[in-house]
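S.K.: Quick one: structure below, then a few questions.
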Amino acid sequence: MKRHFLLWCVILFSCGGKKQEIIVLPEVEVAIDLSALGKEKLSDYGFFVGALNDLAPADDVMPYSINSALFSDYAFKRRFIKIPAGGKVKYSEHDVFEFPEGTVLIKNFYYPADFSRPDAEIRILETRLLINEGKHWQALPYVWNDEQTEAYLMVAGKTIPVSWKHSDGVIKNIGYSVPNLNQCSGCHLRGDKLMPIGPTARQLNGVHDFTKGKNQLAQWTEEFLLDGVPDLKSVEQLVSYEDPEALLELRARAWLEINCAHCHRVDGAAKNSGLHLLATEKDPSKIGIGKAPVAAGKGSGGLLYDIVPGKPDESILQFRIESTHPGIMMPELGRTITHAEGVTLVRQWIKEMK
């Protein structure tokens, strides 16, 4: 399998102490063999039956959901998992489950034309696969064609114009960003390994539409022979940050966990920041309360502390989650616009903080 990509080159040089100059060479079309990475087309995997864009899972593929989802420029998501025949998933109380080799996590990103009709006029932009290859996980992005009949492996990433009528009636237009392979590691890197983010006990612990009244962990136990699940009453549950009935603090902490804690944790890419945002973290300083940043600069906005109780506008954390500046915004990847509802939630939490 070979795909063609346009590559360009920049040469930076200086001579005799003169100011540096840049020369941009013409684009060159290069054929790259991708056969070692994954299949060329999404349909080649056989995850879905019937028309591909119906996303009707095959018998060995099961839908799943999580309680609080990462914000991705308001994209809707449908998740599926395929466990190899005879494989077992090992339960973990606090971390991502241990999946057998051959497991595939399948996440589809799509937009309805009108958010008030979420099941009508759907346009799927990307299907992202996480494949457990034994010693490591492989992340592969597949981009859908305009006809919605197929998705193709796109290792270089892509920006796709998309528009929709938002829930407030306003038309939104963005350039949806499909990550390249290197960017995938920006969120999924734990230590020196690529890892899933969502499928933890606290995220899966709940009842969803497709589980027909059954707790999802119980369903996984039956379908996958999930090992080691304790009494469900003893399993922690991450609330949905979209649930207006849940406590404000729990909602805000859930939003920060799924959007920030994949990096801001003791073994994450931002561990050296000292800011740890898992909802299970109890140390106020590690959450950011009264904590000075490790490295000041543009990202701090001239502010002194990550969180100043009662003062969101003096809090670096609030400044960064509201920003869309590439050198300031957090998270750094996965969004191009601000999650209005999420930042309002965190703002109110800090404002009410004693």
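The values are calculated or read from the model by the stated rules, or taken from the named source; none is laboratory data. Keep in mind it's a predicted model, so treat the numbers as computed, not measured. Because the Cβ atoms are built from the backbone with ideal geometry, glycine has one as well, and the counts that use them run over all protein chains shown.
S.K.: Quick check: anything in segment 330-353 part of a loop (DSSP other than H, G, I, E, B), of a type in the set (Ser, Thr, Tyr), farther than 16 Å from residue 68 by Cα and under 17 Å from the mean Cα position of the chain (by Cα)?
M.R.: Yes, because at least one residue in segment 330-353 is part of a loop (DSSP other than H, G, I, E, B), of a type in the set (Ser, Thr, Tyr), farther than 16 Å from residue 68 by Cα and under 17 Å from the mean Cα position of the chain (by Cα).
S.K.: What pairs come up if the first residue lies in segment 63-82 and is in contact (Cβ under 8 Å) with a residue 60 or more places away in the chain and under 18 Å from residue 205 (Cα atoms), the second is crowded, with 19+ Cβ neighbours inside 10 Å and among the acidic types (Asp, Glu), and their beta carbons are under 9 Å apart, counting only those six or more places apart or on different chains?
M.R.: 68/257
S.K.: Condition first: part of a strand (DSSP E or B) and under 30 Å from residue 163 (Cβ atoms). Now tell me which residues in segment 70-99 satisfy that.
M.R.: The answer is 76, 77, 78, 79, 80.
S.K.: Having 3 or more residues that are buried (at least 20 other Cβ atoms within 10 Å of the Cβ) is the bar; report the strands (runs of 3 or more DSSP E) wholly within segment 113-217 that clear it. First the steps, then the outcome.
M.R.: Details: elements: 122-132, 137-144, 151-153, 158-165, 171-178.
Counting at least 3 such residues, we get 122-132, 137-144.
S.K.: Can you confirm whether residue 292 is at pLDDT 90 or above and within 20 Å of residue 348 (Cβ to Cβ)?
M.R.: no
S.K.: In segment 100-112, which residues are within 15 Å of residue 160 (Cα to Cα) and of a type in the set (A, V, I, L, M, F, W, C)?
M.R.: Matches in segment 100-112: 109 only.
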